[in-house]
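Report on one structure; see the data block that follows.
The values are calculated or read from the model by the stated rules, or taken from the named source; none is laboratory data. Keep in mind that what you see is a predicted model, and the values were worked out from it rather than measured. Glycine also receives a Cβ, built like all others from the backbone with ideal geometry; neighbour counts cover every protein chain displayed.
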Amino acid sequence: MSSVTDSNEMDTSDEQTVSDEPKTAGQPLSEFLLQLEDYTPTIPDAVSEHYLHSAGFHTTDPRIVRLISLAAQKFISEIANDALQHCKMRGANQNSKQKVKDRRFTLTMEDLTPAVAEYGIVVKKPHYFV
């Protein structure tokens, strides 16, 4: 049994670093929240506040609203990027004899459906569009 306890013991002498002031667990978050005061998110604060209030979340701190706006912006950006990748893959499978330098992509339900399915969101076309 001594071999089990010896392997579970940690040697912390190698992991310790010298620093002038110790950092707490919440310090990086508080520094990030201070940076959010000067940041203007893509999704306006009024829009975020409206949807937060309609969901039952009330706050007076604009940094929290901007943090949620930033998270929503990242989520939308990832979905749009995934849909673009689906569109490019679908376009690569089609034989097109003409090469267009300035190709424009259109966001369609055909590309959006698998992109949001990766996040657990099920989207189905209404029966009158089939």
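Key figures
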item	result
Top-ranked residue in the stretch 31-56 [being within 20 Å of the chain's Cα centre (by Cα) and polar (S, T, N, Q); ranked as farthest from residue 77 (Cα to Cα)]	35
Pick from the stretch 104-130, criterion farther than 21 Å from residue 78 by Cα and in contact with a helix residue (DSSP H, G or I) (Cβ under 9 Å, 6 or more places away or on another chain), ranking: modelled with the highest pLDDT	125
Any hit, the stretch 3-12, residues being assigned to a helix (DSSP H, G or I), surrounded by 11 or more Cβ atoms within 10 Å (Cβ to Cβ) and modelled with pLDDT under 95	no
Matching residues, the stretch 57-78, being surrounded by 12 or more Cβ atoms within 10 Å (Cβ to Cβ) and over 18 Å from the mean Cα position of the chain (by Cα)	57, 59, 62
Every residue from the stretch 81-99 that is modelled with pLDDT under 85 and not hydrophobic (A, V, I, L, M, F, W, C)	90, 91, 93, 94, 95, 96, 97, 98, 99
